[in-house]
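*Asks:* Dropping a structure here in structure tokens format, bear with me for questions.
Read the figures in this text as sums done on the coordinates, not as results from a lab. Keep in mind the model is a prediction, meaning the values are calculated, not measured. Cβ sites come from the backbone with ideal geometry, for glycine too, and all protein chains shown count toward neighbours.
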Amino acid sequence: MNRLDGWKHGAISAVCGKRSKWLVLALWLLVLLFLAPLGSKLSGAEDNDAQSWLPGSAESTQVLSISNGFRPEQIPAVVVYARPDGLTARDRVRIAEDVGQLRTLREHGVRGEETRGPVFDRQPDPRAAQIYVPITMDASGWQRIAPAVSSIRDQVGKGGDGLSVHITGPGGTAADSSKAFEGIDSTLLFAAMAVVVVMLLITFRSPILLFAPLLGVVVALFTAQALIYLLAKHAGLTVNGQSAGILTVLVFGAGTDYALLLVARYREELRRHEDRHEAMKLAMNRAGPAILASGATVVLSMLVLLVAEMNSTRGLGPVAAIGVAVALLAMLTLFPALLLVCGRWIFWPAVPHVGSADPTRSGVWARTGRRIARRPRTTWVATALALGLLSLGLIQLRAAGIPNADQFTGKPDSIVGQEVSARYFPAGDGDPLVIVSNTAQAREVGRTVAADPDVVPASIGVPPGAAPVHDGRVLFEATTRAPSDSAAAKDTVERVRAAVHAVPGADAKVGGGAAALLDMENAQTHDNYLVIPLVLVVVLLVLSVLLRALVAPLLLIGTVVLSLATALGVSALAFRHVFDYAGEDVAFPLFVFVFLVALGIDYNIFLTTRIREEAGRHGTRQGVVTGLATTGAVITSAGLVLAGTFAALGTLPIVGFAEIGFAVALGVLLDTFVVRSVLVTALFLDVGPKVWWPNRLAHEDGGSPPTDARAPGGPGEPPDAGESGDHPPDSGEPGGPAKPARPPG
């Protein structure tokens, strides 16, 4: 048996042994039986209330916490009635009856007794009226919002005969968001599964083989969901709808990628070894370190999110890290055990036999590598310039938040109601500023707030002196003239905060919807400046340790950053001029960066580790061409799978998810077909052996890559040196001996 560099001999034998593979399957079966039922409970453990999303130390979060002492956390639903030519006497009677019915409503947290209204847009001939119905939040979070709004809808009915009736405000919008998230787990699961099935069928051309990785990722997903559920219930881990949805995509995408990378090397070894267990041990030994490094890069990058200020971003970190870690474990234990149990026939109809030709040696990627080798410097310069030009689309990026009216891909009732309300009432109505201050200074704080030109003075419905008092504090509200999700409303928050903070001894704080959006924007800016450099450092360290070099990791980091900029630039152009999206979420650049850098580096890791392996035997330049030839097809397939699974986010009717899915899918495709296959290959060929500095490989002569029509590794080329005869020369490939080539560059 060949020596096993990398993994410990015992660890590989434990997975690949003739008897131990059955033990591995039995252990995973026990894990699935015990944990799968817990995984189905994850949606019930989600925490989607405001504090699970907002920055933990932000002023709006503090106001939200303080206001719980005055009243339970509430979210108002606004019932809007409108008739453009004026409300009739019959309309007024109906509205009064609806108010009476709403005041008796007690279902799903609706506090009917606190219903306010009707408020008319004008007198004596009103055209519109609004009713404000508070909904109390509890431990069930936003899960009760949709039923609460449905119960309000049952009381007020629908419009007709020229009268329109809509339910909007924060409560109505939250209910529509909740409905959009309904079935998110199953929707993404089946969408991702369909993508994986199609891509694996195309890649493997085997209707049997695809079931092994598919079973592995499904088991990994259920296991990860169960572990996250246990941590959420007993260790305080915060999980929301966003992190639960991304978990599904990550496990399917990353898990399938790891399976593809392993099975490609396993198939290579099956062409060289009769014993499939020996072939798997060698495949695990040679591909395992790269897969481990890829998984470690993703896990560590996700854990970096723990330093973020945004609670939603910080909560995503451990959720995503657990998902990828479990997927990695399953693909390096369960998946190889399944392949070994099934034997060679699982590859039917293209079963790899000992001595059969390796199609990757003479395929499109072998030819691509030889073409690049003729003019590597011209190739990488032209490619980098093209990517740089496309990245100029970044000037179109508007990552300042998505207005409520534009956050859905369609137009639900709450958005229609918001537009109707804005025609007749102050735009910030229904989502006011919330101000708390010490009791003694409450009147002065109230006058200060009312003095702001963009605050409606009459909206301070409860005079501060008569407002409810709790623990020496007073709470009151104020309506802005601008919509709460607009830049003007955020400017108002900044002015009002500066003014009330200046009131001596008031200890006043300003919260509410507009304040929360402002705090989220500021926190996200902080997170971008902190998280992005840390993730780059993590990736650089992993690459340096894996490749035992400094130049190659720096080059790879540079190409990944260029790929990210290009993906964001092209995405911004598409969002503006193709999809007509109003903007991007404040977290959009960070999420796209983390996913693209952490996941996209996988392909560079797999390529460069193979190049390094080949460089040790044939020299760097020939190693580059051989590495691209042998990994090109599988990395392309892995990229298509990952891009497809992230594109599945577009099945959700929420613009923020669709944007992340589109940008990550585009970035993965760019990285797979352009950055990794062209830019990295050309750079390594141009730099030559110095790419491994300070490793001893930097001092080898480098050799010359073949530029003839024959792929490396065929007849006329000696067996792999250093493999102790394990790799006999491939037989059956056409072509003559290699011709001398002019050194590239």
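*Asks:* Over the residues of region 340-438, compute the C-alpha Rg and express it relative to 2.2 N^0.38 Å. Before the final figure, lay out the partial values.
*Replies:* Details: Rg = 29.7 Å, N = 99, 2.2 N^0.38 = 12.6 Å.
So region 340-438 has a normalised radius of gyration of 2.35.
*Asks:* Over region 255-367, what number does the Rg to Rh ratio reach, with both radii from the alpha-carbon atoms and Rh per Kirkwood?
*Replies:* Details: Rg = 17.6 Å, Rh = 15.8 Å.
That ratio equals 1.12.
*Asks:* Now for a separate question. With unit charges on the beta carbons (Lys and Arg positive, Asp and Glu negative) and the dipole taken about the Cα centre of region 285-437, which residue among G343, F408, V298 sits farthest to the positive side?
*Replies:* Of the candidates, G343 comes out farthest on the positive side.
*Asks:* Once you charge only the Cβ atoms, +1 for Lys and Arg and -1 for Asp and Glu, what is the size of the charge dipole of region 548-712 about its Cα centre, to the nearest 20 debye?
*Replies:* Details: 10 positive and 12 negative charges, 106 e Å.
Dipole magnitude for region 548-712 comes out near 520 debye.
*Asks:* For the chain, what is the charge dipole size about the Cα centre, in debye to the nearest 20, if Lys and Arg each add +1 at the Cβ and Asp and Glu each add -1 at the Cβ? Walk me through the numbers before you get to the answer.
*Replies:* Values: 62 positive and 64 negative charges, 440 e Å.
In total the dipole reaches around 2120 debye.
*Asks:* Could you tell me the extents of region 548-712's C-alpha atoms along the three principal axes, largest first, rounded to whole Å?
*Replies:* The Cα atoms of region 548-712 stretch 55, 32, 22 Å along their principal axes.
*Asks:* What value, in deg cm²/dmol to 500, does the helix sum -39500 (n - 2.57) over DSSP H runs of n ≥ 4 give at 222 nm once divided by the residues of the chain? Before the final figure, lay out each step's value.
*Replies:* Working: 23 runs with 418 residues, N = 745.
Value at 222 nm, helices only: -19000 deg cm²/dmol.
*Asks:* Can you work out D for region 361-414 in µm² s⁻¹ from Stokes-Einstein, where Rh is the Kirkwood radius over C-alpha pairs, the temperature is 25 °C and the viscosity is 0.890 mPa s? Please list the in-between numbers first.
*Replies:* Numbers: Rh = 15.6 Å.
In µm²/s, the coefficient is 158.
*Asks:* Normalised by the number of residues in region 535-632, what is the relative contact order in percent for Cα pairs under 8 Å and 6+ residues apart?
*Replies:* On the way: 60 pairs, mean separation 22.5, N = 98.
Across region 535-632, relative contact order equals 23 percent.
*Asks:* Would you mind classifying region 525-591 by shape? Square roots of the alpha carbon gyration tensor eigenvalues, ordered a ≥ b ≥ c; an a/c under 1.5 is rounded, otherwise it is prolate if a/b is larger than b/c and oblate if not. Working shown, then result.
*Replies:* Details: a/c = 4.60, a/b = 2.01, b/c = 2.29.
Because a/c hits 1.5 or more and a/b fails to exceed b/c, region 525-591 counts as oblate.
*Asks:* Compute the Cα gyration tensor for region 144-237, then decide on rounded, prolate or oblate, letting a ≥ b ≥ c be the square roots of its eigenvalues: rounded whenever a/c is under 1.5, prolate when a/b is larger than b/c in the other cases, and oblate in all that remain. Please list the in-between numbers first.
*Replies:* Details: a/c = 5.17, a/b = 1.94, b/c = 2.67.
Oblate.
*Asks:* Let me ask something else. Need one number for region 213-310: average projected area of the convex hull over its C-alpha atoms, nm². Present the calculation step by step, with values, prior to reporting the outcome.
*Replies:* Details: hull surface 29.6 nm².
Computing the convex hull of the Cα atoms and averaging its projections yields 7.4 nm².
*Asks:* Based on Cα coordinates alone, diagonalise the gyration tensor for region 431-547, multiply each eigenvalue by 5, take square roots, and list the semi-axes in whole Å, largest first. Spell out each step's value before the answer.
*Replies:* Working: eigenvalues 314, 51, 22 Å².
Square roots of five times the eigenvalues give 40, 16, 11 Å.
*Asks:* Would you kindly calculate the mean projected area, averaged across all directions, of the convex hull enclosing the Cα atoms of the chain, in square nanometres? Intermediate values should be presented prior to the final figure.
*Replies:* Working: hull surface 140.0 nm².
Spelled out: convex hull of the Cα atoms, projected over all directions, averaged, 35.0 nm².
*Asks:* For region 73-179, just say rounded, prolate or oblate: build the C-alpha gyration tensor, square-root its eigenvalues into a ≥ b ≥ c, call rounded for a/c under 1.5, and beyond that prolate if a/b exceeds b/c, oblate if not.
*Replies:* Working: a/c = 2.22, a/b = 1.92, b/c = 1.16.
Cα axes put region 73-179 in the prolate bin.
*Asks:* Below 8 Å, C-alpha to C-alpha, sequence gap of six or more: please give me the relative contact order for region 548-712 in percent. Walk me through the numbers on the way to the answer.
*Replies:* Numbers: 206 pairs, mean separation 57.8, N = 165.
Relative contact order comes out at 35 percent.
*Asks:* Please report, in debye to the nearest 20, how large the charge dipole of region 431-547 is about its Cα centre when each Lys and Arg carries +1 at its beta carbon and each Asp and Glu carries -1 there. Write out the running numbers ahead of the final one.
*Replies:* Values: 8 positive and 13 negative charges, 47 e Å.
Magnitude of the dipole: close to 220 debye.
*Asks:* Of the options F684, L649, L394, report the single residue whose Cα projects farthest towards the positive end of the charge dipole of the chain (beta-carbon charges: Lys, Arg +1; Asp, Glu -1).
*Replies:* About the Cα centre, the residue reaching furthest to the positive side is F684.
*Asks:* May I ask you to derive the relative contact order of the chain, considering only C-alpha pairs under 8 Å and at least 6 residues apart, and to give it as an integer percent? All intermediate terms of the calculation are to be shown ahead of the outcome.
*Replies:* On the way: 1394 pairs, mean separation 131.2, N = 745.
Reported as a whole number, the value is 18 percent.
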